[in-house]
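Working notes for the structure below.
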Amino acid sequence: MNAPVNNAIAAMIPELTEWRHDFHRHPELGYEVPRTARLVAERLRAFGFDEVIEGVGKTGVLGLLHGGAGPAAGEAKRVLFRADMDALPILEATGAEYASGAAGRMHACGHDGHTTMLLGAARRLADTRDFDGTLVFCFQPAEEGYAGAQAMIEDGMLERFPVKGAYAVHNWPGVPIGAFAMARGPMMASTGKFLITVEGLGGHAAFPHLTRDPIVAAAAIVTAAQTIVSRVVDPLDPAVVSITAIHAGDAFNVIPGRVEMRCNVRCFSDAVGRTIETELRRISADTAAALGARAVIETGGGLPYPPLVNHPAETELALAAMRAVAGPENVRDDLRPVMGAEDFAFVLRQVPGAYVFLGNGETAMLHNPEYDFNDAAIAHGVAYWTELARTVLPA
């Protein structure tokens, strides 16, 4: 059995659930999250936060809350808690009464729940202030591929408010409600995007000998690229190289002169990432040249996300808080690393910290049109955040 949720937190759940449903009805994408950010800022002020700063990293919100002893003196008593706010460009298929009111947009990753849980903890901690130091509540836009965390860093978030640690939570389908899981060390992969353009000589499909067919060259590149992981990367280093899109031509009887391909790369170290990029460029150029074509590789749009790596001391603090609220039997510290990517990795490159998964129960997987954040997880997320505050900044 899970440890019981604090009565004060349990009393908040009906209202927090209404907030979550409201965020779900009004999904916003990338950096364009004005409604969500406004509501977050308004609520932090209503809770009595000591300072609320809007427009960080374009549309991010920071809220400062001092413990019972007053403002922290330096970063030794300052910690950052982060939630993401953005949705995804997916057409919702949940059939929920509170389903998205914006066609082609939905909260398919649970950021509506993440924002709600951190707001719930903000309210509870503003009431108690039973910690010693300052908590920096970070509500971040643009996690889904646009590196909103890095944008907030570049806008001076960590320079203005240096912190000794940083923490984040993500819901995870398949982990039971009230349970938690995390990996020690590397937990989520880096992601790199590459656009491969193969240029040949187009012509009539009846006369292929008068062309230099870029489709044949592209097909050879797709096949050869699979040897990067199987024959170049150390077998003990997890990695993925996937060609995810191929675009060329639009007629039955024409060999096009150009092919465009998209490639997605995942791994857990910068060194492996550099090896993969070097090999992808070599294979593409040499394979195309062998078939009389030319290949050019450009990095795809957006900033590549680095691997997310949990830090040892902060991992132990997070585990202590999870065990306190869920019971040791409901906390896993041996989760296998996940090939998904997460831009909280940018924060953990600057500050030691930990990233954990909160059980979402047996729901559809993330980024699925039928996914929905499980409201039953809200109380457990709020309980974790409030316990973590007391753990990392003990009064």
Sequence-distant residues sharing a close amide H with GLU92 (under 5 Å, placed H): GLY104, ARG105
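Sort the following peptides by mean Cβ neighbour count (other Cβ atoms within 10 Å, averaged over residues), highest first: 270-277, 92-99.
Numbers: 270-277: 17.2, 92-99: 14.9.
The packing order, highest mean first, is 270-277, 92-99.
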Residues whose placed amide H lies under 5 Å from that of VAL338, excluding near-sequence neighbours: MET188, ALA189
Fully extended contour minus Cα-Cα distance, from ASP234 to GLU51, at 0.36 nm per residue: 61.0 nm
Potential lengthening between ARG258 and ALA395 on full extension [0.36 nm per residue; Cα-Cα distance subtracted]: 42.9 nm
Loop sites in region 171-273: chymotrypsin sites (Phe, Trp or Tyr not before Pro), DSSP, at most 11 other Cβ within 10 Å: PHE252
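As a footprinting exposure proxy, order SER284, SER269, SER230, SER190 by other Cβ within 10 Å, with the fewest listed first.
Numbers: SER284 26, SER269 17, SER230 10, SER190 23.
Going from least to most buried by this count: SER230, SER269, SER190, SER284.
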Phi-based couplings in Hz for region 330-337 (Karplus 6.51, -1.76, 1.60; Gly and Pro marked x): 10, 10, 10, 10, 10, 4, 5, x
Peptides 163-176, 120-133 ordered by average Cβ neighbours within 10 Å, highest first: 163-176, 120-133
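Kindly rank 372-378, 223-229 from highest to lowest mean number of other beta carbons found within 10 Å of each residue.
On the way: 372-378: 21.6, 223-229: 16.9.
Ranked from most to least packed, the peptides come out as 372-378, 223-229.
Which values, in whole Å and largest first, are the semi-axes of the equivalent ellipsoid of region 190-299 obtained as the square root of 5 times each eigenvalue of the Cα gyration tensor? Don't skip to the answer; put the middle values down first.
Working: eigenvalues 169, 31, 21 Å².
Working through the eigenvalues yields semi-axes of 29, 12, 10 Å.
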Cα-based helix-to-principal-axis angle, 34-47 vs the chain, degrees rounded to 10: 20
In Hz, Karplus ³J(HN,Hα) per residue of region 277-292 (6.51, -1.76, 1.60; θ = phi - 60°; x = Gly, Pro): 4, 4, 5, 4, 5, 5, 4, 5, 5, 6, 5, 4, 4, 5, 10, x
Taking only Cα atoms of region 345-394, radius of gyration then Dmax in Å: 14.2, 42
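Over the chain, what is the mean sequence separation of C-alpha contacts under 8 Å (at least six apart), divided by residue count, expressed as relative contact order in percent?
Rounded, it is 25 percent for the chain.
Just how many % of Cα pairs in the chain lie over 34 Å apart, if you round to the nearest whole percent?
Working: 26964 of 77815 pairs.
Of the Cα pairs, 35 percent sit more than 34 Å apart.
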R0 of 51 Å, Cβ-Cβ distance ALA11-ARG282: FRET efficiency to nearest 0.05: 0.25
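Given contacts defined as C-alpha pairs under 8 Å and at least six residues apart, what's the relative contact order of region 246-395, whole-number percent? Mind showing how you got there, number by number?
Details: 116 pairs, mean separation 30.9, N = 150.
Here the relative contact order equals 21 percent.
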Paramagnetic reach from ARG349 (point 7 Å along Cα→Cβ, amide N under 19 Å) across region 268-311: 268-278, 299-311
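Every number here is computed from the coordinates shown, using simple stated rules; none is lab data. Given the structure is predicted, the values throughout are model-derived calculations rather than measurements. Virtual Cβ from ideal backbone geometry, glycine too; neighbours counted across all protein chains shown.
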